[in-house]
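Have a look at the structure below before the remarks.
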Amino acid sequence: MNILMILTPKSEVIYLSTKMRVRDAMEVLKKARFNSVPLLDESGHYVGTVTEGDILWHLDQNGYEDSLDMRLKNVKRIRDYAPVSVDEEIDELIHKALGQNFIPILDDRKYFIGIVTRKNLISTYIKKVDDNKEEVVHKNEVLDNLYKRRSIRRFKEGITIPQEIIDEIVKVSLVTPTAMNRRPHEIMLVDDPQVIKTLSELHQRGGQFEKAPYLILILNDDEKEPNAYLANSNCSALLISLLLAVESFDNLGGFWVSTRYPEYNRKMLNAVGVPERFSLYGMVAFGVKGEHKPANEPLNPEKIHRNKW
Ligand SMILES: Cc1cc2nc3c(=O)[nH]c(=O)nc-3n(C[C@H](O)[C@H](O)[C@H](O)COP(=O)(O)O)c2cc1C
């Protein structure tokens, strides 16, 4: 953002000039009710900052009567606020504003063109933070992904998903949460159509995922996590994470394949050599979308309870 956007222009700024007498400057300060104002020379260049304290000090040092007719250029100033060029970045101003009520702004020929007040600067920053917040809310890709996800059961045939994408998807299995962080799960990616066909025939609902180009088996190591509830929770957390990872890539989709009968499951696992200590808790079938579905209508919000039913 440009400094000009938050500049209080010279025409609206109360300033003093070096040729002014102290008595007139006191009047200006009294009316303006500012305790510090910019001081300009006759040609409009910024000279420094006059404060009420400077005037009081001057009166005290030189005697009241003698001081009043002296010119401001002869008044000793304690501290001049540092000016900034109009080309400066707004972010630079914030550091200066920590130590001064306003920042004098100069054009490229060093003429005073106005000030940026600390108040203006703070309001600008608050707005900037608010705008960023909105951006975060509106550009939340994780939530977008959750809201648009649907079960995709039809896939385009003969399209190989690039290996980097497959790697990204399966990597999700290495980071999902598990109860007590036991990390008892393992997965098996299957992309050999013949193996998928075999598994599909052995599955309780034969043929359901036969045409899926990719399948991921979600396995629990029953020695590491013997509790079936926790195993199921771990595997479900992993399964939905994988589905969402799939959905996060344009044109990829998939669906949850449940595996609720241990006897069918074991036959499937035997077919691909999975050791006995592993149980199958579900599968993800995925590929390039061969169907498109609109996002689901959300459930009735009354289903969301808070504190008490
Ligand atoms: C625990 C669980 C098991 C599921 N099992 C199967 C399944 O075996 N076969 C299938 O086609 N879809 C299965 N689904 C997908 C659901 O049928 C689907 O999520 C639901 O109908 C809502 O549709 P949507 O995913 O398009 O929103 C399962 C979903 C969950 C959560």
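The values are calculated or read from the model by the stated rules, or taken from the named source; none is laboratory data. Predicted model, so just to flag it, every value in this text is computed and none were measured. FYI the Cβ positions are ideal-geometry reconstructions off the backbone, even for glycines, and counts take in every protein chain you see. All accessible areas refer to the heavy atoms of the entire protein, side chains included, with ligands and DNA or RNA removed. Shrake-Rupley method; radii C 1.70, N 1.55, O 1.52, S 1.80 Å.
Listed values, structure above:
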| read-out | value |
| --- | --- |
| Residue among E276, E225, E210 that is within 16 Å of the ligand (Cβ to nearest atom), without any contact (Cβ under 8 Å) to a residue 60 or more places away in the chain and assigned to a loop (DSSP other than H, G, I, E, B) | E210 |
| Close pairs from segment 1-28: first buried (at least 19 other Cβ atoms within 10 Å of the Cβ), partner in a loop (DSSP other than H, G, I, E, B), Cβ under 6 Å, at least 6 apart | I3/V86; V22/M70 |
| Residue identified as in the same structural domain as I113 (by TED's automatic domain parsing) and either over 35 Å from the mean Cα position of the chain (by Cα) or more than 30 Å from S123 (Cβ to Cβ) (or both) among T8, T49 | T49 |
| Residue identified as within 29 Å of A231 (Cα to Cα), more than 15 Å from the ligand (Cβ to nearest atom) and surrounded by 11 or more Cβ atoms within 10 Å (Cβ to Cβ) among I152, I161, I165 | I165 |
| Scope segment 142-171; condition of a type outside the set (V, I, T) and touching a Gly at 6+ places or on another chain (Cβ under 6 Å); matching residues | R154, F155, K156 |
| Looking only at segment 234-249, and only at residues there that are more than 14 Å from the ligand (Cβ to nearest atom) and open to solvent by 40 Å² or more (accessible area, probe 1.4 Å), the one that is nearest to P213 (Cα to Cα) | F249 |
| Qualifying positions in segment 279-299 - open to solvent by 70 Å² or more (accessible area, probe 1.4 Å) and either away from the ligand (no atom under 16 Å from the Cβ) or among the charged types (D, E, K, R) (or both) | E297 |
| Answer residue from segment 250-260, given it is buried (at least 17 other Cβ atoms within 10 Å of the Cβ) and of a type outside the set (V, I, T) and is farthest from the ligand (Cβ to nearest atom) among those | L252 |
| Candidates Y125, Y64 - the one that is over 35 Å from the mean Cα position of the chain (by Cα), of a type outside the set (D, E, K, R) and open to solvent by 20 Å² or more (accessible area, probe 1.4 Å) | Y64 |
